[in-house]
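The values are calculated or read from the model by the stated rules, or taken from the named source; none is laboratory data. Please read these numbers as outputs of a predicted model, since none were measured by experiment. We place every Cβ from the backbone using ideal geometry, glycine too, and count neighbours over all the protein chains shown.
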Amino acid sequence: MKNIYICFPEGKHKVLTMSFDDGRLEDRRLVDIFNRYGIKGTFHVNSAIRDEKRVPVSEYRELYKGHEVSCHTCTHPTIARCPMEQVVSQILEDRRNLEAAVGYPVRGLSYPNGSYNEEIVKILPALGIRYSRTVEETNGFAMPEDFLKWKATCHYNHNLIKLGDEFAALHKTQYLYMMYVWGHSYEFTDHDNWEVMENFCRRMGGREDIWYASNIEIVDYMEAAGRLQFGAGGDMVYNPSAASLWIEVDGGKREVKGGQLLRL
């Protein structure tokens, strides 16, 4: 009997993703750091808050190109205290505004002030939201059990370099590992520690065993991988999705192209 594992793109077994909230002006410097080291991030922004401390909506498309723009509600209320009608409006209107700004479907969220409850979680799929990040941290590298209650590995100011070194050293390919870092770009200015992120990205960028992905790219890939159709005998697999997916078969990496029936 064959051993068959789901892999990340190109047969990789580790993924790094970044998640930063509020769309403050410091995002410009943070995006520049990410771009220099090949790191990909998701930026959760409030489309209806306009002040001199925030990136103008008119800049979103160009600034965040190659990354992901995601919802954070229009005006950042503590939504677990709000009537559901307001929660729905806050999320849908944020989606509409952001989609008009960036030109693609916006399908992610991070809970403003870390606030959510089960009623909110249950309504999110009907609002077109495929994942939402909490402010809880795991200090580990396991894949999330529920993308609508997505816990990060760590805040950038909580043992980032130590955890990054641990992540880089992981080598057991029978597991999928994810390092997820969150924060707010203005915190680098407040704490005067931009060198922490610069150092982290320098150490973590350009590694052949790491997939660098936005939040939604991880969700989309794992959902597509879950639709792979394997023969009962482990001798074939059909990929009904459009995008290529990767598997490992008895230690060998195999690409399953979109629409392909592959003999194993």
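Worth pointing out:
- Here Ile33 clears all of (1) more than 30 Å from Thr173 (Cβ to Cβ); (2) in contact with a helix residue (DSSP H, G or I) (Cβ under 6 Å, 6 or more places away or on another chain) except the condition numbered (1).
- Sole residue being in contact (Cβ under 8 Å) with a residue 40 or more places away in the chain, touching a Ser or Thr at 6+ places or on another chain (Cβ under 7 Å) and either farther than 20 Å from Arg36 by Cβ or in the same structural domain as Phe43 (by TED's automatic domain parsing) (or both), chosen from Tyr221, Tyr180, Tyr212, Tyr175: Tyr180
- Whichever residue in the stretch 136-153 is among the acidic types (Asp, Glu) and outside any strand (DSSP E or B) and, among such residues, is modelled with the lowest pLDDT: Glu145
- Selection status of Gly234, farther than 24 Å from Asp146 by Cβ, modelled with pLDDT under 95 and surrounded by fewer than 21 Cβ atoms within 10 Å (Cβ to Cβ): yes
- Hey, Gly259 part of a loop (DSSP other than H, G, I, E, B) and either hydrophobic (A, V, I, L, M, F, W, C) or at positive phi (or both) or not: yes
- Test: residue in the stretch 53-62 that is hydrophobic (A, V, I, L, M, F, W, C), assigned to a loop (DSSP other than H, G, I, E, B) and not assigned by TED's automatic domain parsing to the domain that holds Asp190: no
- Matching residues, the stretch 16-51, being touching a residue at least 12 places away in the same chain (Cβ under 8 Å) and part of a loop (DSSP other than H, G, I, E, B): Asp22, Gly23, Leu25, Glu26, Gly38, Ile39, Lys40, Asn46, Ser47, Ala48, Ile49
- Residue count for the stretch 142-163, restricted to those that are in contact (Cβ under 8 Å) with a residue 40 or more places away in the chain and farther than 20 Å from Pro112 by Cβ: 3
- Out of Glu223, Glu217, sole residue that is surrounded by fewer than 16 Cβ atoms within 10 Å (Cβ to Cβ) and either within 28 Å of Val256 (Cβ to Cβ) or touching an Asp or Glu at 6+ places or on another chain (Cβ under 6 Å) (or both): Glu223
- The selection criterion, being out of contact with any Lys or Arg (no Cβ under 8 Å at 6 or more places or on another chain), on the phi > 0 side of the Ramachandran plot, part of a loop (DSSP other than H, G, I, E, B) and of a type outside the set (Phe, Trp, Tyr), holds for Gly206.
- Criterion: assigned to a helix (DSSP H, G or I) and closer than 20 Å to Val69 by Cβ - qualifying residue of Glu85, Glu119, Glu99: Glu99
- In the stretch 79-94, the residues that are of a type in the set (S, T, N, Q) and within 22 Å of the chain's Cα centre (by Cα): Gln90
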